[in-house]
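J.: Take a look at the following structure, please.
Every read-out reported here was derived from the displayed coordinates using simple, explicitly stated rules and does not represent laboratory data. Please read all numbers here as calculations on a predicted model, not as lab measurements. Neighbour counts run over all protein chains shown; Cβ positions are idealised from the backbone, glycine included.
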Amino acid sequence: MKKIDLNTRTPYEIIIDENLMQYSGNYIKNVSHAKQILIITDDIVNELYSNKLTDSLIKNGFEVFLFVFSHGEVSKNIQTLERVYSFLIKNKFTRSDLIIALGGGVPGDLAGFVAATYMRGIDFIQIPTSLLSQLDSSIGGKNGVNLSHGKNLIGTFYQPKLVLIDVNTLKTLPKQSVSDGIAEAIKYALIKSPKLFYLIKNNDFEYILKDLIFECINIKKSIIEKDEYEKADRKLLNFGHTLAHAIEKFYDFKGYTHGQAVSVGMAYTTLSGEKLGITRPGTYSELISVLEKYNLPYQINCDMDKIVEIAKVDKKATGEFFDLVLIKELGNAFIKRIKKDDLKKYIGG
Ligand SMILES: NC(=O)c1ccc[n+]([C@@H]2O[C@H](COP(=O)([O-])OP(=O)(O)OC[C@H]3O[C@@H](n4cnc5c(N)ncnc54)[C@H](O)[C@@H]3O)[C@@H](O)[C@H]2O)c1
Ligand SMILES: [Zn+2]
């Protein structure tokens, strides 16, 4: 078992282990006196893991309710929110009860938003089951849902009471989702840790699972403990994401998964960095070697001018400027304020 203490404004523990699901109730009992618990999950994860979780909660004296929505990004919207709020009201949930997010980043972001807003805040716990949610989205308290105008346009910062990571759940994860999670792990390595980079490059993913997740979370911890509300350093976590978001949008969220788009975003930004003399020569080829190992793309065949135009209206832009994340060398990232008109030079490859 591995444990990490996250010292945000409200501190909490992250526990990483095999077979954690069947003992989850024991851990949850230590951080919650709730009478009722609502598990929020999607249909796929529900089939796989709800029973194990529910059994353990009931064994520990909780009354358990289940809210299941159909899987996928399309469900992360206001309509699903409304249905969850109604469910909570109908079942007389109070502020002293508890919500559990079970699943990938979609249930995590949605349930986090519900918890932050229902009756102005009810406790919640993250039980992430996708690689991306285990090493990234369940950590750090960001939540949100999509609007018809764009992704994650409403959301809050609201920390969970506990995060339980059962690495055994990754055994049922489709290969593509594993690669998507690895893309984010490579991002952590590029911005903060050559050690993590070589861990990913030189080993087979199955054998390093716990270490990989542990290293990634520790990097995220070091960043968000300094900057919980993304005023400065937390922006480093957006490396590759300016281009990635534009690629996802350009293909109407159907052409590339988020992880694949991030992969291309990191590659193009690194290549541009080398051309501009910002990034140490050779970094790009190191990166490509590891992206190839995990079948992640690093080139796209489309009109870069159009994609850069889309990137210019990114919600993270401030007026005429962008705070762009660039890397000097493996493990060493920094934020540079650039003019929007110069964007193509920095991320165009
Ligand atoms: N809050 C944050 O800080 C943050 C950070 C990064 C991403 N995100 C959000 O996370 C979301 C993407 O996360 P995701 O890729 O986990 O999406 P997801 O929750 O849709 O999961 C991807 C797919 O994997 C399935 N799945 C999950 N766990 C499984 C398992 N153990 N076995 C088999 N199938 C499983 C799900 O049913 C789904 O179909 C996006 O909405 C993104 O905006 C949030
Ligand atoms: Zn991402």
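J.: Show me, for the stretch 239-254, the HN-Hα J-couplings you get by feeding each phi into the Karplus relation (A = 6.51, B = -1.76, C = 1.60, θ = phi - 60°), rounded to Hz, glycine and proline as x.
T.: Values per residue, Gly and Pro as x: 3, x, 7, 4, 5, 4, 4, 5, 5, 4, 5, 4, 8, 6, 6, 10 Hz.
J.: Compute the Kirkwood hydrodynamic radius of the stretch 2-173, taking the inverse of the mean of 1/r over all pairs of distinct Cα atoms, and give it in Å to one decimal. Before the final figure, lay out each step's value.
T.: Values: mean 1/r = 0.0640 Å⁻¹.
Answer for the stretch 2-173: a Kirkwood hydrodynamic radius of 15.6 Å.
J.: Post the alpha-carbon centroid distance, the stretch 4-18 to the stretch 299-315, in whole angstrom.
T.: Between the Cα centres of the stretch 4-18 and the stretch 299-315 lies a distance of 37 Å.
J.: If the viscosity is 1.306 mPa s and the temperature 10 °C, what translational diffusion coefficient in µm²/s does Stokes-Einstein give for the chain when Rh comes from Kirkwood over Cα pairs?
T.: Working: Rh = 20.5 Å.
Stokes-Einstein gives a translational diffusion coefficient of 77 µm²/s.
J.: Using alpha-carbon pairs under 8 Å, 6+ residues apart, how would you state the relative contact order of the stretch 176-347 in percent? Kindly include the intermediate steps, with their values, before the conclusion.
T.: Values: 244 pairs, mean separation 48.7, N = 172.
Reported relative contact order: 28 percent.
J.: Share of antiparallel DSSP beta bridges in the chain, in percent to the nearest 5? Don't skip to the answer; put the middle values down first.
T.: Details: 17 of 41 bridges.
Roughly 40 percent of the DSSP beta bridges within the chain come out antiparallel.
J.: Projected onto the charge dipole of the chain (+1 at Lys/Arg Cβ, -1 at Asp/Glu Cβ, origin at the Cα centre), which of Thr318, Tyr158, Leu20 gives the Cα projection farthest towards the positive end?
T.: Selected residue: Thr318.
J.: Now for a separate question. Expressed in nm², what is the orientationally averaged projection area of the convex hull enclosing the Cα positions of the stretch 27-90? Before the final figure, lay out the partial values.
T.: Working: hull surface 19.4 nm².
If I average the Cα hull's projected area over directions, I get 4.8 nm².
J.: Then there's this: Treating only the Cβ of Lys, Arg, Asp and Glu as charged (+1, +1, -1, -1), what charge dipole size does the chain show about its Cα centre? Round to the nearest 20 debye.
T.: Working: 45 positive and 41 negative charges, 154 e Å.
Taking the Cα centre of the chain as origin, the dipole is about 740 debye.
J.: If you don't mind, there's one more thing I want to ask. For the stretch 166-245 and the stretch 53-85, what is the separation of their C-alpha centers, rounded to whole Å?
T.: 26 Å
J.: Of Ile191, Ile338, Asn218, which is farthest along the charge dipole of the stretch 176-347 in the positive direction, counting Lys and Arg as +1 and Asp and Glu as -1 at C-beta?
T.: Ile338
J.: Over the Cα atoms of the stretch 123-203, what is the Rg over Rh ratio if Rh follows Kirkwood? Write down the numbers at each step before the final one.
T.: Details: Rg = 14.5 Å, Rh = 14.3 Å.
Dividing the radius of gyration by the Kirkwood radius yields 1.01.
J.: Report, to the nearest 10°, how far helix 258-275 tilts away from the longest principal axis of the Cα atoms in the chain, using its own Cα long axis and a range of 0 to 90°.
T.: 30 degrees
J.: Same structure again: Dipole of the stretch 2-173 (Lys/Arg Cβ +1, Asp/Glu Cβ -1, origin at the Cα centre): which of Met119, Phe69, His149 lies farthest to the positive side?
T.: Most positive-ward Cα: Met119.
J.: Still on this structure: When the chain is modelled as a GNM with alpha-carbon springs shorter than 10 Å, which of His149, His33, His245 fluctuates the most?
T.: Greatest mean-square fluctuation among the candidates belongs to His149.
J.: When the Debye formula is applied to the Cα atoms of the stretch 231-349, each taken as the same point scatterer, what base-10 log of I(q)/I(0) results at q = 0.23 Å⁻¹?
T.: Result of the Debye calculation: -1.46.
J.: Quote the relative contact order of the chain in percent (integer), defining contacts as alpha-carbon pairs under 8 Å separated by 6+ residues. Numbers along the way, then the final one.
T.: Numbers: 651 pairs, mean separation 49.8, N = 349.
Worked out over the chain, it gives 14 percent.
J.: Placing unit charges on C-beta atoms (Lys and Arg positive, Asp and Glu negative, everything else neutral), compute the dipole magnitude of the stretch 39-114 about its Cα centre in debye, rounded to 20.
T.: Using Cβ point charges on Lys, Arg, Asp and Glu, the stretch 39-114 gives about 280 debye.
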